[in-house]
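Report on the following structure.
The values are calculated or read from the model by the stated rules, or taken from the named source; none is laboratory data. Since we're looking at a predicted model, the values are computed, not measured. Counting neighbours? That spans all protein chains shown, and the Cβs are built from the backbone with ideal geometry, glycine included. Heads up: the accessible areas ignore ligands, DNA and RNA and are worked out on the full protein's heavy atoms, side chains in. Shrake-Rupley method; radii C 1.70, N 1.55, O 1.52, S 1.80 Å.
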Number of protein chains: 2
Amino acid sequence: MHLRERQAFTVYGSDRVLGVLRANPIFNVLAEDCVRRETIPLGQSFEPRHVDGSSSGLDVELFDVPGKVALYLETGSSPDQLAGRPGDTVGVEIRSGGERLVYIPGCAQMTDGLKRRLAGASVVLFDGTLWRDDEMVRLGLGPKTGQRMGHMSVSGPDGTVASFRDIRVGRKILVHINNSNPILVDDSAERAMLSQEGWEVACDGMEVSP
Amino acid sequence: MHLRERQAFTVYGSDRVLGVLRANPIFNVLAEDCVRRETIPLGQSFEPRHVDGSSSGLDVELFDVPGKVALYLETGSSPDQLAGRPGDTVGVEIRSGGERLVYIPGCAQMTDGLKRRLAGASVVLFDGTLWRDDEMVRLGLGPKTGQRMGHMSVSGPDGTVASFRDIRVGRKILVHINNSNPILVDDSAERAMLSQEGWEVACDGMEVSP
């Protein structure tokens, strides 16, 4: 929405992602004198500022997450080629007033390190792309599985719901949900299972209050 | 809207534009097995086909129009650097059942050649970006004039309204209208002047019937 509109803002990103933007002329539509780009090292907290320089009062950290290189940067489909580099897929931790929100819209698998990061969070917004790995293939929507796209599934023994059972967090909310995912249907069996496990499904305009 | 959605369609374009797409990896999101790209020589008619290969019944021609290189491909702001190459800015003429529609969403100036092309068209959809050349500067929206952006203005002695006075066409409709253009306000003086000159202003969902 902001392209070419001359609304000042700052793009915070990993060195990897900002390098991709620098290398592609199409992102020059974000005029340098209007849109600042700031490289954020992974694993270090920083305070984003409003464009007038005033404090946001937030303490923010980017961290690497198991994922995949961006679709348009794929050079082949071997695991090595798809895995991406550090900073290709990141999560964001936002801390303020003693509360902690963790935002992970894409995640290829749960790890012990990620569990430690998530433990005790007030709110987690997590990758809810597919209900099951072969969902798009079965529906005839495309040949790719969730794993091929860099997303763990919501259901299944290694899925998101199972992985979160031993992580204590406040609210758990699924985001980045593909249109093939049955949890988008309010009265689906999958949605009911999800609710029983204490998960919410994000919706347009959702607001989360402390 | 179609990015990554695996809806089959064909991109028809000038050699220049399809070359720009080929050179930029971000357009690889349009999967080759799903979105075909077809180079169309300027000034030659062709029949676009539906993705199943069936006939569209349309006779279409791309033609060069005075314009500008795309914003993100600018290498400097001298007239030479901005002018672009053949195929950077094109119009489209669509013929069917004896009717002729000419679509020119961007045009830097009216030429005699363009007037000959437009003469006798059933419908013209034409560049309505700005009312006056310095409109965005005066409103404090940005430093660029219409000419700097490759657009002639609607008003003024060399503007669109004046240029069309000696061209006989059926319906004349302005498209590609910037949000700073007062013709977007239904009861503005500029809109009234436009109507008196026989011009219409396009709107979302507009349909044009023979």
Residues satisfying the stated conditions in segment B:146-161, i.e. open to solvent by 30 Å² or more (accessible area, probe 1.4 Å) and at pLDDT 95 or above: B:S155, B:G156, B:P157, B:D158
For A:V175, indicate whether it is closer than 23 Å to A:P86 by Cα, among the aliphatic types (A, V, I, L, M) and open to solvent by less than 80 Å² (accessible area, probe 1.4 Å). yes
Might you check whether a residue that is surrounded by fewer than 17 Cβ atoms within 10 Å (Cβ to Cβ) and within 14 Å of chain B (Cβ to nearest Cβ) occurs anywhere in segment A:40-52? no
Scan segment A:43-60 and tell me whether some residue there is over 30 Å from B:N179 (Cα atoms), over 18 Å from the mean Cα position of the chain (by Cα) and among the aromatic types (F, W, Y). yes
Out of (1) hydroxyl-bearing (S, T, Y); (2) surrounded by 13 or more Cβ atoms within 10 Å (Cβ to Cβ); (3) touching a strand residue (DSSP E or B) at 6+ places or on another chain (Cβ under 7 Å), what's the single condition that is false for A:S56? (2)
Can you pull out the residues in segment B:4-26 that are within 13 Å of another protein chain (Cβ to nearest Cβ), open to solvent by less than 40 Å² (accessible area, probe 1.4 Å) and under 27 Å from B:S54 (Cβ atoms)? B:L21
Any idea which of (1) surrounded by 14 or more Cβ atoms within 10 Å (Cβ to Cβ); (2) closer than 23 Å to A:T10 by Cβ; (3) out of contact with any strand residue (DSSP E or B) (no Cβ under 8 Å at 6 or more places or on another chain) is the one A:Y72 doesn't satisfy? (2)
The condition of being without any contact (Cβ under 8 Å) to a residue 40 or more places away in the chain and crowded, with 17+ Cβ neighbours inside 10 Å holds, among A:G91, A:G128, only for A:G91
Could you pull out every one of the helices (runs of 4 or more DSSP H) wholly within segment A:96-210 that has 3 or more residues that are out of contact with any Lys or Arg (no Cβ under 7 Å at 6 or more places or on another chain) and among the charged types (D, E, K, R)? A:112-118
Could you grab me the full set of residues in segment A:143-201 that are polar (S, T, N, Q) and closer than 16 Å to A:V123 by Cβ? A:T160
B:A31 vs. criteria hydrophobic (A, V, I, L, M, F, W, C), within 14 Å of chain A (Cβ to nearest Cβ), open to solvent by 40 Å² or more (accessible area, probe 1.4 Å) and over 22 Å from the mean Cα position of the chain (by Cα): no
